[in-house]
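> What follows is a structure written as structure tokens; I'll ask about it next.
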Amino acid sequence: MSGTQQDRHVLVTGAGAGIGEAIARAFAAEGARVTVADVDSDAAHRVAGDVGGTPWVVDLTDTAALAELTLDCDVLVNNAGIQHVSPIEDFPPQAFHRILTLMLEAPFLLVRAALPHMYAQGFGRVVNISSVHGLVASPYKSAYVAAKHGLEGLSKTIALEGGGRGVTSTCISPGYVQTALVQAQVADQARTRGIPEDEVLEKVFLAESAVKRMVTAEEIAGLAVWLAGPGGGMANGSSHTLDGGWSAR
């Protein structure tokens, strides 16, 4: 622990498991006071208890409630996400809408709620957990790809508006990550592509990466802490890939 986040208030969404949990733990280890936001009450309380943080049980698709928020966080990590794998012609419109609401509209509303505090103190860090799918597309993920491309654009706009007022905005864009969210895609990926489930890792998850392994949540967390720390101040407006070379093609 180097204490780079000592006394900072860090809000992490989707922090009850996976990438968000790793990020919450990493910030807490650097001295931050962490708010663990998740729709799963048990998960939010478990992680918050472990890191000495505060649980916030919240449904981020309730945009009417988010529109009335004010937030006092110094660092906002927009991480919460879901996935649906289906050809466009079979993609349920309600699933498309829910993904964009959670992964694009909610980050906008949270940033909107946090910026007045950040501007008032002349410091703020917004770290958006995007994806390589915010930079390139893959079939059968129309909503996810659209949401992540939108998040990349939103992050750049925040960077331009906030940079002169002490607030930076960045994206982390990983490839497939070793999480339950990715594991839950195996059956749908096999079905939509017509391959056995035991071939999904090689033929889908690792097919485009020069480094033949998945990203770990801890690797993403380490980068998030750096971007929010003293060394990340000039990274404003940037997107950092952790995709093993996928987007280098």
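The values are calculated or read from the model by the stated rules, or taken from the named source; none is laboratory data. None of these values were measured; they are calculated from a predicted model. When we count neighbours, we look across all protein chains shown, and the Cβ atoms used for this are built from the backbone with ideal geometry, even at glycine. Note: areas computed on protein heavy atoms with side chains; ligands, DNA, RNA excluded. Shrake-Rupley method; radii C 1.70, N 1.55, O 1.52, S 1.80 Å.
> Please verify whether region 104-125 includes one or more residues that are buried (at least 23 other Cβ atoms within 10 Å of the Cβ) and in a strand (DSSP E or B).
yes
> Also, quick follow-up: Any chance you could count how many residues in region 126-139 are open to solvent by less than 10 Å² (accessible area, probe 1.4 Å) and in contact with a strand residue (DSSP E or B) (Cβ under 7 Å, 6 or more places away or on another chain)?
8
> Further question: If I ask for residues that are in contact (Cβ under 8 Å) with a residue 24 or more places away in the chain and surrounded by fewer than 19 Cβ atoms within 10 Å (Cβ to Cβ), which ones from region 162-181 would you list?
Pass one, region 162-181, residues in contact (Cβ under 8 Å) with a residue 24 or more places away in the chain: 162-163, 165-181.
Correct list: Gly163, Arg165, Gly166, Gln178, Ala180, Leu181.
> Quick one: in region 60-96, which of the residues that are without any contact (Cβ under 8 Å) to a residue 40 or more places away in the chain and closer than 30 Å to Ala190 by Cα is most open to solvent (accessible area, probe 1.4 Å)?
The extreme case among them is Glu89.
> Can you tell me which condition Leu160 does not meet? The list is (1) within 22 Å of Ala95 (Cβ to Cβ); (2) out of contact with any helix residue (DSSP H, G or I) (no Cβ under 9 Å at 6 or more places or on another chain); (3) not β-branched (Val, Ile, Thr), and all the others hold.
Exception for Leu160: condition (1).
> For region 7-64, which positions are over 21 Å from Val182 (Cα atoms), of a type in the set (A, V, I, L, M, F, W, C) and in contact with a Leu (Cβ under 7 Å, 6 or more places away or on another chain)?
Within region 7-64, just Leu11 meets the criteria.
> Let me ask something else. Quick one: Pro55 ticks every box in (1) buried (at least 20 other Cβ atoms within 10 Å of the Cβ); (2) touching a Ser or Thr at 6+ places or on another chain (Cβ under 7 Å) bar one, so which box is it?
If we test Pro55 against (1) buried (at least 20 other Cβ atoms within 10 Å of the Cβ); (2) touching a Ser or Thr at 6+ places or on another chain (Cβ under 7 Å), just (2) comes out false.
> Let me ask you something else. Of Ala15, Ala37, Ala26, Ala22, which residue is in contact with a Phe, Trp or Tyr (Cβ under 7 Å, 6 or more places away or on another chain), closer than 29 Å to Val186 by Cβ and surrounded by 20 or more Cβ atoms within 10 Å (Cβ to Cβ)?
On the way: Ala15 fails: in contact with a Phe, Trp or Tyr (Cβ under 7 Å, 6 or more places away or on another chain); Ala26 fails: in contact with a Phe, Trp or Tyr (Cβ under 7 Å, 6 or more places away or on another chain); Ala22 fails: in contact with a Phe, Trp or Tyr (Cβ under 7 Å, 6 or more places away or on another chain).
Residue meeting the stated conditions: Ala37.
> Return yes or no: is Leu154 modelled with pLDDT of 95 or more, open to solvent by 10 Å² or more (accessible area, probe 1.4 Å) and touching a Leu at 6+ places or on another chain (Cβ under 8 Å)?
When the stated conditions are applied, Leu154 passes them.
> Oh, and also: Suppose we filter region 227-243 for residues that are open to solvent by 30 Å² or more (accessible area, probe 1.4 Å), of a type in the set (A, V, I, L, M, F, W, C) and in contact (Cβ under 8 Å) with a residue 60 or more places away in the chain; how many remain?
Counting residues in region 227-243 that are open to solvent by 30 Å² or more (accessible area, probe 1.4 Å), of a type in the set (A, V, I, L, M, F, W, C) and in contact (Cβ under 8 Å) with a residue 60 or more places away in the chain gives 1.
> Quick one: in region 198-218, of everything that is among the β-branched types (Val, Ile, Thr) and in a helix (DSSP H, G or I), which residue is nearest to His133 (Cα to Cα)? Steps first, please.
Here is the first cut: in region 198-218, the residues among the β-branched types (Val, Ile, Thr) are 200, 204, 211, 215-216.
Okay, now just the ones that are also in a helix (DSSP H, G or I), so 200, 204.
Values: Val200: 17, Val204: 13 Å.
So the residue we want is Val204.
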